[in-house]
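> Before I ask anything, let me first share the structure, which is written out below as structure tokens.
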Amino acid sequence: QVQLVQSGAEVKKPGASVKVSCKASGYTFTGHYIHWVRQAPGQGLEWVGWINPYSGATNDAQKFQGRVSMTTDTSISTAYMELSRLRSDDTAVYFCARDGLSSIPMDVWGQGTTVTVSS
Amino acid sequence: DIQMTQSPSSLSASVGDRVTITCRASQGISNFLAWYQQKPGKVPKLLIYGASILQSGVPSRFSGSGSGTDFTLTISSLRPEDVATYYCQQFNSDPLTFGGGTKVEIK
């Protein structure tokens, strides 16, 4: 079945970087964009950005001001989201989600990765 | 950026009640609107896309309507398993944006 499996929880210090992985299975990885969405504790959903695994093109929310880097390794059907210069307000659960075809948005989600930023 | 405003932010209703959640976009988004359900401690789940198209496997008591700037999610007969927070999302243009969420509880 279609599945996205994310890497485990991370604890980082302010100013550090974190890289979260998202391994896809059950479908053609290069055929669907991957979105990244985050959710701070007790808060709503916030879109981080997307990557097109076929072309490598990306787009991310302006608020991250170049701190986000999204990449893929198509040989192992895995997407990565790296967030640099971490701040305490980056503490959140980070989800990857598959963009469906035919104008179907995020139809399959990873289980989430908790990133805690604390000194 | 397109702002998505949901109302109410929370509601409490009885089992069997009809529940309506509204979502307003700050500018027209045609029908590029999705609804997600997130149960406590769980991953968001796509319920509806294209404003009114039910995702496969979603119970028929859920329905969506609207176009342009005003949208509605309706649960025709609330069940205990529908306790969750519901989010609307526009996917008309980047940056994709979500509403603030509506928390649905049982009275």
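> May I ask you to derive the relative contact order of chain A, considering only C-alpha pairs under 8 Å and at least 6 residues apart, and to give it as an integer percent?
36
> Enumerate the calculated ³J(HN,Hα) couplings along the stretch B:18-33 in order (Karplus 6.51 cos²θ - 1.76 cosθ + 1.60, θ = phi - 60°), each rounded to whole Hz, writing x wherever the residue is Gly or Pro.
Karplus values, whole Hz, x for Gly and Pro: 8, 10, 10, 10, 10, 9, 10, 9, 6, 8, x, 10, 6, 10, 7, 10.
> Please report the relative contact order for the stretch A:27-77, taking Cα pairs under 8 Å with a sequence separation of at least 6, and give it as a percent rounded to a whole number.
31
> Taking Cα pairs under 8 Å and at least six residues apart, what relative contact order does chain B come out at, in percent?
39
> Please quote Rg/Rh for chain A to two decimal places, taking the Kirkwood radius as Rh and restricting both calculations to Cα atoms.
Here the Rg-to-Rh quotient is 0.95.
> Using alpha carbons only, what's the Rg to Rh ratio of the stretch A:42-105 with Rh from Kirkwood?
Ratio value, two decimals: 0.97.
> Continuing with this model, one more query. For the stretch B:33-74, what value does the Rg/Rh ratio take when both radii are computed over Cα atoms and Rh is the Kirkwood radius, given to two decimals?
0.98
> So, one more: Taking the Cα atoms of the protein assembly as shown, what is the range of coordinates along each of the three principal axes, in descending order and whole Å?
Result, largest extent first: 48, 39, 35 Å.
> For the protein assembly as shown, what is the charge dipole size about the Cα centre, in debye to the nearest 20, if Lys and Arg each add +1 at the Cβ and Asp and Glu each add -1 at the Cβ?
Around 400 debye, computed over the protein assembly as shown.
> Right, something else. Mind jotting down a quarter of the surface of the convex hull over the alpha carbons of the stretch A:1-61, in square nanometres, one decimal?
5.5
> Next question. With viscosity set to 1.306 mPa s and temperature to 10 °C, compute the Stokes-Einstein D of the stretch B:1-59, Rh being the Kirkwood radius across alpha carbon pairs; µm²/s, no decimals.
Using the Kirkwood radius from Cα pairs, D works out to 119 µm²/s.
> What does the average come to when, for each residue of peptide A:50-59, you count the partner chain Cβ atoms lying within 10 Å of its Cβ?
If you average over the peptide's residues, the count of other-chain Cβ atoms is 1.
> Turning to a different aspect of this structure: Determine how many Å³ per residue the convex hull of the Cα atoms of the stretch B:7-104 encloses.
Dividing the Cα hull volume of the stretch B:7-104 by its residue count gives 91 Å³.
> Same structure, new question: Each residue of the stretch A:55-65 in order: what ³J(HN,Hα) in whole Hz does its phi give by Karplus 6.51 cos²θ - 1.76 cosθ + 1.60, θ = phi - 60°, with x for Gly and Pro?
Values per residue, Gly and Pro as x: 9, x, 5, 9, 8, 9, 5, 4, 4, 7, 6 Hz.
> A further question on this structure: Once phi is turned into ³J(HN,Hα) by the Karplus curve 6.51 cos²θ - 1.76 cosθ + 1.60 with θ = phi - 60°, what whole-Hz value does each residue of the stretch B:59-64 show in order, with x for glycine and proline?
Computed from phi, the couplings for the stretch B:59-64 are x, 6, 6, 8, 8, x Hz.
> If you look for lysine pairs in the protein assembly as shown that are eight or more places apart or on different chains, how many of them have Cα atoms under 24 Å apart?
Lysine pairs meeting both conditions in the protein assembly as shown amount to 15.
No value in this document is a laboratory result; all are computed from the given coordinates. Predicted model, so just to flag it, every value in this text is computed and none were measured. Please note: Cβ atoms are built from the backbone with ideal geometry, for glycine as well, and neighbour counts cover all protein chains shown.
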